[in-house]
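The values are calculated or read from the model by the stated rules, or taken from the named source; none is laboratory data. Please read these numbers as outputs of a predicted model, since none were measured by experiment. As a convention, Cβ positions derive from the backbone with ideal geometry for all residues, glycine included, and neighbour counts pool all protein chains shown.
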Amino acid sequence: MMGTKERAFARLVNVSREKLVPADHFYRQVERTLDLSFVRECVQPMYASGGRPSIDPVVFFKLQLVMFFEGIRSERQLIRQAADRLSVRWYLGYDLDEPLPDHSSLSKIRTRYGLDVFRWFFDAIVQQCQQAKLVWGKELYLDSTQVNANADLDSLTPRFAVEAREAIQRHLTALFAQENQGDEEEGGESMDAPMSEGSSNTGTCLQPTSLPVVLSQQEQEELETERSMRHDWIVEEGRQQREIHGLYQRSADFQISTTDPDATPMRLKNGGLHLGYHTHYVVDGGKRRIILEALVTPAEVMDNQPMLDLLWHVRFRWHVRPRQITGDTKYGTIENIKAIEDAGMRAYIPLPDWDQQRPPYFGPSKFTYDAVHDRYVCPNGQLLHLSRMEYKAEKVEYRAEAATCNACPLKAQCTPSNHGRQVHRSFHANYLERVRGYQQTLAYQKALKKRKVWVEPLFAEAKDWHGMRRFRLRRLWRVNCEAQVIAAGHNLQQLLKKRGWGRRPFPTDAICASFGLFWMLCSLTFARKISSFADCLSFFKDEEVRFPLC
């Protein structure tokens, strides 16, 4: 008889929710591996001592991890899927009839925390990976990728119009600041006041500890002056410093997107133009490929600009002593190479081909430098003597005589100028020669091959499985939060693999059965060979009787 299933649900009374989730479920392994109770201590100063209880900060970060593991692109979709998934409810600690947080609360919590809390969350997972011996620290690999922004090119507008509107808004805010301050003094300080957008609110645990060093007033002033002149990419959250561009201007200097003001135009490999960002990774050279630092900058920022800040942060934050730094040609600037070599590390970075910048004329590599007499020799054997020193650019100019160049038969291939060919040499050219010497070694070639399969697959995985092909959030500090969660999720995956997740059990029964079959086949083959050998002996014995040996 055919049976039919009626939709009649009885209320669960004596059924334990713990028994409904399998013991070997993925989220059970995540719960055993990562204890997120440390988050409460970090964000405690951001909440009032009284009032209505908020959403547990641990639940907020668990939802961020669920979004990473499930590849969910929307917080609305995240809450909908978490509501009808028993395993996710168990991981969050919510009962079957308990309502989950609203999706809008996640955005408000993110604004309250700011980027510093997400960085602290990422650093806490890296610290656990380091305690589990997953960080090698002898080799560091750097790379970056282009990520589309959640904005369109049609949203670009003149920057001066937006800046004027913001200036008017600041002026109006300043006019009513005194009145608002008086209201707060009468009614007391409001703990529920919304934070300003993009603000990095930090708790007590995030305050940097000052070194026990007493500096004189003059030394303190020099230190403050040096800090003010230097642009720290990590402290500035990847923002561009536009005041130092001088005469050179990019399109982002006079255009801005009204949808995402921090996104800037970028040229893709296929020739298309989009608004986007650059995501920078510093990856450990160990077999687990732990991401030690992640930073998002506008697309107008060159890959080599935040390189040193990322390296020094990784080196001193995680106390690693790398012996080599590997990157592609984009990182091969003289400033970066000099800083790496001065720090006692090897710069395994390909140098740019400056000959391609002067087609169809001879490039700098066609000229031979004479270190004894401090001069250059051109392809025709003529001399280029020292002309002047450019201290601001940190380079020396060598120039040939104008009459010699004009009479040279190779002038059409050398220079179009009638004042003689000139060649520039950096003050730190010896560092470039040292890197060229590395290029002949086997370690250098292995490092470049390893970089291709070490960092680039991490970007491909993040784009294909975790939604980093296009950021879902807007503004620079928010996309940095998104990138921190993706990098932290990757490191957590490696930590789970270390603890045994995803490892197949040892197939003892199958191996025993295979070994028994192999032993039986060997026995049959050996018995067959023995019987053939016995037949052979009997044959020769008969032949010996028939034809006796002399």
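Just a few scattered comments:
- Test: residue in segment 457-471 that is without any contact (Cβ under 8 Å) to a residue 12 or more places away in the chain, out of contact with any Cys (no Cβ under 9 Å at 6 or more places or on another chain) and in a loop (DSSP other than H, G, I, E, B): no
- Among residues of segment 92-107, those that are among the hydrophobic types (A, V, I, L, M, F, W, C) and in a loop (DSSP other than H, G, I, E, B), counted: 2
- Condition met for Arg85 (in the same structural domain as Tyr47 (by TED's automatic domain parsing), under 18 Å from Val30 (Cα atoms) and in contact with a Lys or Arg (Cβ under 9 Å, 6 or more places away or on another chain)): no
- Of all residues in segment 60-78, exactly one satisfies the criterion of being surrounded by 15 or more Cβ atoms within 10 Å (Cβ to Cβ) and either touching a Pro at 6+ places or on another chain (Cβ under 7 Å) or not in a helix (DSSP H, G or I) (or both), namely Ile72.
- Residue in segment 426-445 that is surrounded by 15 or more Cβ atoms within 10 Å (Cβ to Cβ), within 23 Å of the chain's Cα centre (by Cα) and farther than 20 Å from Glu394 by Cα present: yes
- Odd one out for Lys450, checked against (1) at pLDDT 95 or above; (2) among the charged types (D, E, K, R); (3) under 29 Å from Tyr27 (Cβ atoms); (4) surrounded by fewer than 20 Cβ atoms within 10 Å (Cβ to Cβ): (3)
- Within segment 310-332, considering residues that are closer than 20 Å to Gln146 by Cβ and either at pLDDT 95 or above or assigned to a loop (DSSP other than H, G, I, E, B) (or both), the one nearest to the chain's Cα centre (by Cα): Leu310
- Selection status of Leu63, of a type outside the set (Val, Ile, Thr) and closer than 20 Å to Phe471 by Cα: yes
Condition check ((1) surrounded by fewer than 17 Cβ atoms within 10 Å (Cβ to Cβ); (2) in the same structural domain as Gly381 (by TED's automatic domain parsing); (3) of a type outside the set (Phe, Trp, Tyr)) across all residues:
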residue: Gln305; (1), (2), (3): no, no, yes
residue: Val320; (1), (2), (3): no, no, yes
residue: Lys338; (1), (2), (3): no, no, yes
residue: Asp342; (1), (2), (3): yes, no, yes
residue: Pro360; (1), (2), (3): yes, yes, yes
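- Odd one out for Tyr438, checked against (1) more than 30 Å from Tyr281 (Cβ to Cβ); (2) modelled with pLDDT of 95 or more: (1)
Matching residues to (1) surrounded by 20 or more Cβ atoms within 10 Å (Cβ to Cβ); (2) hydroxyl-bearing (Ser, Thr, Tyr); (3) under 18 Å from Leu432 (Cα atoms); (4) out of contact with any Gly (no Cβ under 7 Å at 6 or more places or on another chain):
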| residue | (1), (2), (3), (4) |
| --- | --- |
| Thr329 | no, yes, yes, yes |
| Thr333 | no, yes, yes, yes |
| Ala347 | yes, no, yes, yes |
| Pro350 | no, no, yes, no |
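- Of the residues making up segment 131-162, those that are farther than 25 Å from Thr329 by Cα, charged (D, E, K, R) and either without any contact (Cβ under 8 Å) to a residue 60 or more places away in the chain or crowded, with 20+ Cβ neighbours inside 10 Å (or both) are Lys133, Asp154.
- Residue within segment 430-437 that is under 20 Å from Arg323 (Cβ atoms), in contact with a Lys or Arg (Cβ under 6 Å, 6 or more places away or on another chain) and outside the structural domain of Tyr281 (by TED's automatic domain parsing) present: yes
- Candidate set: segment 402-425, residues that are in a helix (DSSP H, G or I) and of a type in the set (S, T, N, Q); chosen: the one nearest to the chain's Cα centre (by Cα): Gln413
- When the test is whether a residue is of a type outside the set (Gly, Ala, Ser) and in contact (Cβ under 8 Å) with a residue 40 or more places away in the chain, Leu442 does not pass it.
- Restricting Pro22, Pro53, Pro45 to residues that are within 19 Å of Leu496 (Cα to Cα) and either in contact with a helix residue (DSSP H, G or I) (Cβ under 9 Å, 6 or more places away or on another chain) or part of a loop (DSSP other than H, G, I, E, B) (or both) narrows the list to Pro22.
- The residue that is surrounded by the fewest Cβ atoms within 10 Å (Cβ to Cβ), among those in segment 42-59 that are of a type in the set (A, V, I, L, M, F, W, C) and closer than 18 Å to Ala82 by Cβ, is Ile55.
- Condition check for Gln128: in contact (Cβ under 8 Å) with a residue 40 or more places away in the chain, in a helix (DSSP H, G or I) and within 23 Å of the chain's Cα centre (by Cα): yes
- Ile530 meets the stated requirement of being aliphatic (A, V, I, L, M) and at pLDDT below 95.
- Note on segment 342-401: among residues that are touching a residue at least 40 places away in the same chain (Cβ under 8 Å) and assigned to a strand (DSSP E or B), the one that is nearest to Val423 (Cα to Cα) is Tyr376.
- Unmet requirement for Trp501, which otherwise passes all of (1) at pLDDT below 70; (2) aromatic (Phe, Trp, Tyr); (3) in a loop (DSSP other than H, G, I, E, B): (1)
- Test set (1) within 14 Å of the chain's Cα centre (by Cα); (2) within 18 Å of Ala447 (Cα to Cα) - Val296 fails condition number: (2)
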